[in-house]
Amino acid sequence: MSRQADALFAEDQLADDDPLMAPVTPALDWSWVHGLSQTPPDRHRPAEAALLARIRRTATIKRGTRMTKLLTGRQLSALLHGRLISGFCHRASDLTHLRTADELALLTTDVAPAATAEPVVFAVRWRALDPSDYAIPFSFPVSGLPSYPGLLDMRPHERLGPPVLGTGFAPSSQHVIPEYVTTELADLPMTANTSIAAYTAGGTDVTLYQYLPEQRAWILMFGPQWRHLFAGVPDVALDQEYVAVSPDRTVGTTLVGSYQGEVYEAIADPPHEYRVLARVRAARYPVEALARQVWYATWRGVNCSVVRADGDWLRLRPCRPDDANVSVLGASCVERGVYEVWAPASEVDAQQADHEYVL
């Protein structure tokens, strides 16, 4: 697909997203809805909590929905060095009214970036493989949906980024912005045409890198006039393209597909193209079935996903972090809502689970 065609497709995807819907009346105006979205659910009456859940569930993700995760420089560097997408994110269509670095800075999920000559906020942008990969970070039970009550109760010194409200909306003094988390806070496989961009103080949107899954590489997409945006970004060489080391298939998250009875690593290019990962074009067969393989582990009684391995140690991430299990594990907050810890592999009961997609 050409860049022009891809851009047209991207615009169509934004138009196809279901907008957030609320029953606004003279008695229930938009400012009331905003106040409801910014009030922790334990302060709501039952009828208000039910209305909040109905409003929030109108904003849905479809296969191919454009997604965005706002980043600091530290998180950008981690992606270039092999980290996958996880945790809090947004639909791109819900952020179209926010263009400048200052407007987007409050949606980043890390500590505040260091002051630079020109404010900049980075973002990773991709297309959703399947709605089942995402959850609404409710802190109260909603029929048929997972909830994450522990995130609401984290003390300030145990979290990074803005607080989690538990309403499914991002903290904002002006806007009503639906937010999502990756299901069980697990990593997602990198889809084709994922990109890393920067938003400048003046509202310019600069594409910095694009991910090529066949090469496992982030390729440069920016010219020398944008090098100043990387001031304060750690461990990034501006003339270098980054190639991820082949993942250890015994742990972590991998996208796999079957073709003629054999299982291969796969590539997803939502919403319609799913194929065998192969550098040779003739071998990029369409897969007949597709699944996200995730390793889960139980350590000290806490359910976690396995992020990666290093020798005899496993990097674990609690699926439902709360004050108690984070304390039991000795886990640290690596970004908003995401906690990780190293554990001896000999003490961990790990099993692989296949999250199957319907093609």
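FYI, it's all coordinate maths here, none of it is from the lab. Just so you know, these numbers come straight off a predicted model, no measurement behind them.
The table for this structure:
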| quantity | calculated |
| --- | --- |
| Residue-averaged 222 nm ellipticity for the chain, from DSSP H runs of 4+ at -39500 (n - 2.57), nearest 500 | -4000 deg cm²/dmol |
| Quotient of C-alpha Rg and 2.2 N^0.38 Å, computed over the chain | 0.98 |
| The chain, relative contact order [Cα under 8 Å, separation at least 6], % | 16 percent |
| Rg to Rh, two decimals, where the range 181-232 supplies the alpha carbon set and Rh follows Kirkwood | 1.06 |
| Among Val251, Val120, Val24, residue whose mean-square fluctuation peaks in a GNM of the chain (springs only between Cα atoms under 10 Å) | Val24 |
| In Å, descending, principal axis extents of the Cα set of the range 213-358 | 50, 49, 29 |
| Gyration tensor verdict on the range 294-357 (Cα atoms; rounded if a/c is under 1.5, prolate if a/b is larger than b/c, oblate otherwise) | oblate |
